[in-house]
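Student: If you scroll down you'll find the structure; I have some questions about it.
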């Protein structure tokens, strides 16, 4: 069986958020369970240091203060190695937690890895997605195939913050 034979799972509100522990840009393990009691945005993106992903990460960093005041933390997950995430964080002065999922296990668990359209062709890769996990560890909101540009401001509006 190949990766294309398996349709990605799709999480919906009320589902238990798949638990994980992944290394951050400094190599420190970060468990999702450490966020219990607070809401957390888990966003999945294809690759650090690329234009769309940079736009999205910079937008999340700019919104981090408003989101934190509303009780929301931010975690970005990509297949990039911690050293690349560190370069990304430093180059773009990002103030959000970036986690490394090189085996794509977490991305798959969230339905954020699989077939997608890229410039009209079907490819296998990271599906840009955003999830809000509630304080009890359940999916509050799941959005797949989001756009890099304008997504954070739409999310802020949806949350009544923008």
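Student: Quick one: how many residues across region 59-87 are in a helix (DSSP H, G or I) and either more than 21 Å from residue 127 (Cα to Cα) or touching a helix residue (DSSP H, G or I) at 6+ places or on another chain (Cβ under 6 Å) (or both)?
Tutor: Of the residues in that region, 13 qualify.
Student: Condition first: more than 10 Å from the chain's Cα centre (by Cα) and surrounded by 15 or more Cβ atoms within 10 Å (Cβ to Cβ). Now tell me which residues in region 63-76 satisfy that.
Tutor: Correct list: 63, 64, 67, 72, 73.
Student: Turning to a different aspect of this structure: Quickly run through region 140-154 and pick out the residues that are surrounded by 17 or more Cβ atoms within 10 Å (Cβ to Cβ) and more than 21 Å from residue 36 (Cα to Cα).
Tutor: Within region 140-154, 144, 146, 148, 151, 152 meet the criteria.
Student: Only residues that are assigned to a helix (DSSP H, G or I) and either in contact with a strand residue (DSSP E or B) (Cβ under 8 Å, 6 or more places away or on another chain) or surrounded by 15 or more Cβ atoms within 10 Å (Cβ to Cβ) (or both): list them for region 88-111, please.
Tutor: 88, 89, 92, 106, 107, 108, 109
Student: Right, here's the next one. Taking the condition of being farther than 9 Å from residue 17 by Cβ and crowded, with 17+ Cβ neighbours inside 10 Å, how many residues in region 125-139 meet it?
Tutor: Final tally of qualifying residues: 7.
Student: Looking at the structure I just gave you, is residue 55 within 14 Å of the chain's Cα centre (by Cα), surrounded by fewer than 18 Cβ atoms within 10 Å (Cβ to Cβ), touching a residue at least 24 places away in the same chain (Cβ under 8 Å) and over 23 Å from residue 105 (Cα atoms)?
Tutor: Here the answer is yes, as residue 55 does meet what is asked.
Student: Let me ask something else about it. Name the single residue that is farthest from the chain's Cα centre (by Cα) among those in region 123-135 being part of a strand (DSSP E or B) and either without any contact (Cβ under 8 Å) to a residue 12 or more places away in the chain or under 24 Å from residue 34 (Cα atoms) (or both).
Tutor: 123
Student: Any chance region 24-35 includes a residue that's surrounded by fewer than 18 Cβ atoms within 10 Å (Cβ to Cβ), at positive phi, at pLDDT 95 or above and out of contact with any strand residue (DSSP E or B) (no Cβ under 6 Å at 6 or more places or on another chain)?
Tutor: Scanning region 24-35, I find at least one residue that is surrounded by fewer than 18 Cβ atoms within 10 Å (Cβ to Cβ), at positive phi, at pLDDT 95 or above and out of contact with any strand residue (DSSP E or B) (no Cβ under 6 Å at 6 or more places or on another chain), so the answer is yes.
Student: Among the residues of region 29-53, which ones are under 24 Å from residue 66 (Cα atoms) and part of a loop (DSSP other than H, G, I, E, B)?
Tutor: 36, 37, 38, 45, 48
Student: Filter region 77-87 down to the residues that are farther than 20 Å from residue 150 by Cα and surrounded by 16 or more Cβ atoms within 10 Å (Cβ to Cβ) and list them by number.
Tutor: Result: 79, 80, 82, 84, 85, 86.
The values are calculated or read from the model by the stated rules, or taken from the named source; none is laboratory data. All values reported here derive from a predicted model rather than from experimental measurement. A quick note on method: Cβ atoms are made from the backbone with ideal geometry, for glycine too, and the neighbour counts reach across all protein chains shown.
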